[in-house]
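Below: the structure, in structure tokens.
All of the numbers you see were taken from the coordinates with simple rules; none came from a lab. Predicted model, so just to flag it, every value in this text is computed and none were measured. A quick note on method: Cβ atoms are made from the backbone with ideal geometry, for glycine too, and the neighbour counts reach across all protein chains shown.
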Amino acid sequence: MPKNRRKAIHCMMLEESKTSPGYYKYQITIKEKDGSENKVPAYGKDMQDAIERLLWNERVDNVMEKKLTTPIFVILGLSIVGLSATLSVKDDTPLWLLLGIFAIGLSSLVVYTIESYLKK
């Protein structure tokens, strides 16, 4: 088994759920890649269900963190280019198109700088 993976090394049922009948609260101990251990709560009908729900939630969090902002910035960028191209054709000058491309570059640099700062 590869050593560079996270592993669930211990799972213990804590209590029956008070809000959802038939579900239980489990405490799962996860051994991280660096060797540290984290205790994470998970809920499910049985232990396997709780672990599957925990993995599903982590996958969803990873996808939302990485993929949600990209389409928004693509749509915003295309809107700026479309508007600047329309103004450029209307006024018969490439100045508006250049300003639109400059605005996209500047806003991308600002977003990248802010994200880099927040991830520290």
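Odds and ends about this structure:
- Calculated from backbone phi, Karplus (6.51, -1.76, 1.60) coupling profile of the stretch 36-50 in Hz, x at Gly/Pro: 6, 10, 10, 9, 10, x, 8, 10, x, 6, 8, 5, 5, 4, 5
- Amide H partners (placed H, <5 Å) of Gly44, local residues excluded: Tyr24, Tyr26
- Here the Karplus relation 6.51 cos²θ - 1.76 cosθ + 1.60, evaluated at θ = phi - 60°, turns the backbone of the stretch 9-22 into coupling constants of 9, 7, 9, 9, 7, 9, 6, 7, 5, 7, 9, 10, x, x Hz, with x for every Gly and Pro.
- Converting phi to 3J(HN,Hα) with the Karplus coefficients 6.51, -1.76 and 1.60 and the offset θ = phi - 60°, the stretch 76-87 yields 4, x, 5, 5, 5, 5, x, 5, 5, 5, 5, 5 Hz in sequence order, with x at every glycine or proline.
- Given in Å, the Rg to one decimal and the Dmax to the nearest whole number for the Cα atoms of the chain are 24.1, 71.
- Largest mean-square fluctuation among Lys31, Lys90, Lys39, in a Gaussian network model of the chain whose springs join Cα atoms under 10 Å apart, belongs to Lys90.
- Fully extended contour minus Cα-Cα distance, from Tyr112 to Leu87, at 0.36 nm per residue: 6.2 nm
- Normalised per residue, the volume of the convex hull around the Cα set of the stretch 7-64 (Å³): 82
- Helix-derived mean residue ellipticity, 222 nm - over the chain, DSSP H n ≥ 4, -39500 (n - 2.57), to 500: -20000 deg cm²/dmol
- Largest mean-square fluctuation among Gly77, Gly105, Gly44, in a Gaussian network model of the chain whose springs join Cα atoms under 10 Å apart, belongs to Gly105.
- Calculated FRET efficiency, Asn38 to Ile75, Cβ-Cβ distance, R0 = 41 Å: about 0.65 to the nearest 0.05.
- For the stretch 7-64: relative contact order, % (alpha-carbon pairs under 8 angstrom, 6 or more apart): 25
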